[in-house]
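Everything on this sheet refers to the single structure shown next.
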Amino acid sequence: VGKINLFQISEQNRRAEIGYILNRRHWGRGYMSEAMACVLEYAFNTLDLHRIEADTDPDNAPSLALLDRFGFSREGLFRDRWYVHGKWHDSVMLGLLVQDYRAALHPES
């Protein structure tokens, strides 16, 4: 179906990157939202991370929408960062801090 993982984990800086992919046949069913919720809960509450980073294609609207829903902030654009299938692609960097994650879970606080 797909996968989601944390990588480039820095214990010293309490930071990690998040990556995910979902088979196109399963898009729009909420699977990645459910997986993202579980991984973020684990990252912040079990691993005690302070920051999660994501790197995505600026043309990947579904991925950006998913990250926006979970409170990730767009922090930068890297031009021509990835060379894929004979073409250069930009990359949008996003970050989520633990305090923003917790505030999004409990907006009344």
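The values are calculated or read from the model by the stated rules, or taken from the named source; none is laboratory data. Quick caveat, the model's predicted, so the values are computed rather than measured. All Cβ positions, even for glycine, are placed from backbone atoms using ideal geometry, and neighbour counts span all protein chains on display. What goes into the accessible areas is simple: the full protein's heavy atoms, side chains included, and nothing from ligands, DNA or RNA. Shrake-Rupley method; radii C 1.70, N 1.55, O 1.52, S 1.80 Å.
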query = Do we find that Ser109 is at pLDDT below 95, in contact with a helix residue (DSSP H, G or I) (Cβ under 9 Å, 6 or more places away or on another chain) and among the hydroxyl-bearing types (Ser, Thr, Tyr) in this structure?
reply = yes
query = How about segment 47-105: which of its residues are assigned to a loop (DSSP other than H, G, I, E, B) and either of a type outside the set (Asp, Glu) or at positive phi (or both)?
reply = Leu47, Asp48, Leu49, His50, Pro58, Asn60, Phe70, Gly71, Phe72, His85, Gly86
ask   = Could you say which residue among Arg69, Arg29 is closer than 17 Å to Leu97 by Cβ and at pLDDT below 95?
value = Arg69
Residue identified as touching a residue at least 40 places away in the same chain (Cβ under 8 Å) and closer than 17 Å to Leu64 by Cα among Leu47, Leu40, Leu22 = Leu40
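Residues are listed down the side, and each one gets a yes or a no for (1) among the acidic types (Asp, Glu); (2) touching a residue at least 40 places away in the same chain (Cβ under 8 Å); (3) in contact with a His (Cβ under 8 Å, 6 or more places away or on another chain):
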{"position": "Leu6", "(1), (2), (3)": "no, yes, no"}
{"position": "Trp27", "(1), (2), (3)": "no, no, no"}
{"position": "Asp57", "(1), (2), (3)": "yes, no, yes"}
{"position": "Pro62", "(1), (2), (3)": "no, no, no"}
key: Within segment 20-31, tally of residues that are open to solvent by 90 Å² or more (accessible area, probe 1.4 Å) and under 20 Å from Gly95 (Cα atoms)   = 1
inquiry  = Of the residues Leu96, Leu49, Leu77, only one is loosely packed, with under 13 Cβ neighbours inside 10 Å and either under 16 Å from Ile4 (Cβ atoms) or modelled with pLDDT of 95 or more (or both); which?
reply    = Leu77
ask   = Just checking, which of Glu34, Glu17, Glu11, Glu41 is under 14 Å from the mean Cα position of the chain (by Cα) and open to solvent by 90 Å² or more (accessible area, probe 1.4 Å)?
value = Glu34
query = Are any residues in segment 6-19 assigned to a strand (DSSP E or B) and more than 17 Å from Leu64 (Cα to Cα), and if so, which ones?
reply = Leu6, Phe7, Gln8, Ile9, Ser10, Arg15, Ala16
